[in-house]
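Written out below as structure tokens is the structure these notes cover.
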Amino acid sequence: MEFNVNEFIEEKLKEIKSKIGNGSAIVATSGGVDSSVCAVLTHKAIGDKTTVVFIDDGLMRKNEPQKVINEFKKLGIKTQLINAEKKFFEALRGMEDPEIKRKAFRDTFYKTLGKVIKEDKANWLIQGTIKADIVETKKGIKTQHNVLEQIGINPVTFGLKILEPLRELYKPEVRLVGKTLGLPEKMYERMPFPGPGLATRVIGEVTPERVEIVRKATSIVEEEAKDLNPFQVFAVLLKDKATGIVNVARGFTPRNVAEGFSLRQKRVLGNIIVVRAVESKDAITADVTKIPWNILEKIQNRITIEIPSITKVLFDITPKPPSTIEYI
Ligand code: XMP
């Protein structure tokens, strides 16, 4: 059956109004398409009784918390920024297993949010869960942080009543709802970014230092691949190290090593960054973006110069399946 966007919006506005009534709602946003669309939909339904909460978990991309808050302010929606970086890094300390990291993230997220909800005396939490999240969690491919019932979490233990208005939709339909609701294009066309943020892109322990490396590399790949407009493009920091060469002479840059300048070099063990870019419609399957060689070279050059601890930059050529889009 064809998706009728206007009917969908009408139906959801009615549902949100009738369920929430005179109550109030919090929309936890990551700034991504799904939660942004939820925020605008809820605001349209119940107006000022909507508060958009942005939890700064320290795992966001460069300047993201402020950018997201400003976007909602421009739309006239009430916002609340919660600084919780320390709590997330404490919860993730010493953990290496991907699923254990996801669970630690999820528990910290809900504890933090539960506290905000109690303080704000809101009775509803609106979540941007979409169909792909439910399908993949049910299949056991991974634990999505925003799918509660399938992972056996009773929202009541977190003090929440939950509404998931987009749970029947896939990403292209969510974007269409966003467009129809009048969101700015940069919001509804935004690249998907996982809930646990850069923690999904740090293999091994998630520390502030390791997140900072991947944050810098992410901003370089996003800038350099911008014109290609891929479904997703990002950097991943591996746990392994690889030997590289650093120059102990003054004025060292990786470029002048490559050009054969000074011979006073030493071998070191450095970090490895993987660059991943994919094309997809719904994130269920994905093909690798054919990034032109000159752009890959520029990415490599900038990463090794701007982040000196990196001694290798790799490009991932695996589609989904057999791979997933993210690394954990
Ligand atoms: P995978 O890695 O499973 O990713 O192929 C499919 C899509 O989901 C995003 N993703 C996540 N989103 N929480 C989220 O909210 C998560 O834990 C998570 N893991 C992956 C991923 O970026 C891609 O768009």
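Bear in mind that the values in this text are calculations on the coordinates, not laboratory data. Quick caveat: nothing in here was measured; it's all calculated off a predicted structure. Neighbour counts run over all protein chains shown; Cβ positions are idealised from the backbone, glycine included.
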Checklist entry - So which residue, out of GLY178, GLY244, GLY128, gets the largest mean-square fluctuation from a GNM of the chain using Cα contacts under 10 Å as springs? => result GLY244
Checklist entry - What is the set of long-range amide H partners of LEU314 at a cut-off below 5 Å, with H atoms built 1.01 Å from backbone N? => result ILE273, VAL274, VAL275
Next on the checklist: Over 10 Å intervals from 0, what percent of Cα-Cα pairs in the chain sits in each interval?
Outcome noted: 5, 24, 33, 22, 10, 4, 1, 0
Checklist entry - If Lys and Arg each add +1 and Asp and Glu each add -1, what is the summed charge of the other residues whose beta carbon sits under 12 Å from the beta carbon of LEU163? => result +3
Next on the checklist: In whole Å, what are the extents of region 5-188 along the principal axes defined by its C-alpha atoms, from largest to smallest?
Outcome noted: 47, 34, 32
Checklist entry - How far is helix 98-120 tilted, in degrees, relative to the longest principal axis of the Cα atoms in the chain, given as a value from 0 to 90 rounded to the nearest 10? => result 40 degrees
Item to check | Relative contact order %, the chain, counting alpha carbon pairs below 8 Å whose residues are six or more apart | outcome: 16 percent
Checklist entry - What angle, in degrees between 0 and 90 and rounded to the nearest 10, separates the Cα long axis of helix 64-74 from the longest principal axis of the Cα atoms of the chain? => result 40 degrees
Checklist entry - Relative to the first principal axis of the alpha-carbon coordinates of the chain, what is the inclination of helix 208-224, with its axis defined by its Cα atoms, in degrees from 0 to 90 and to the nearest 10? => result 90 degrees
Next on the checklist: My understanding is that a pair violates if its Cα-Cα distance is over 19 Å; which of LYS118/LYS161; LYS12/LYS49; LYS14/LYS73; LYS101/LYS121 do that in this structure?
Outcome noted: LYS14/LYS73; LYS101/LYS121
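As a check on your grasp of the helix formula, calculate [θ] at 222 nm for the chain: sum -39500 (n - 2.57) over DSSP H runs of n ≥ 4, divide by the residue count, round to the nearest 500.
Mean residue ellipticity, 222 nm, calculated: -12500 deg cm²/dmol.
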Next on the checklist: Can you give the local net charge around THR289? Use residues other than it whose beta-carbon is closer than 11 angstrom to its beta-carbon, Lys and Arg +1, Asp and Glu -1.
Outcome noted: -1
Checklist outcome for this item: Net charge near ALA242 (other residues with Cβ under 11 Å of its Cβ; Lys, Arg +1; Asp, Glu -1) is +2
Checklist outcome for this item: Packing-ranked peptide list from 79-86, 103-110, highest mean Cβ count within 10 angstrom first, is 103-110, 79-86
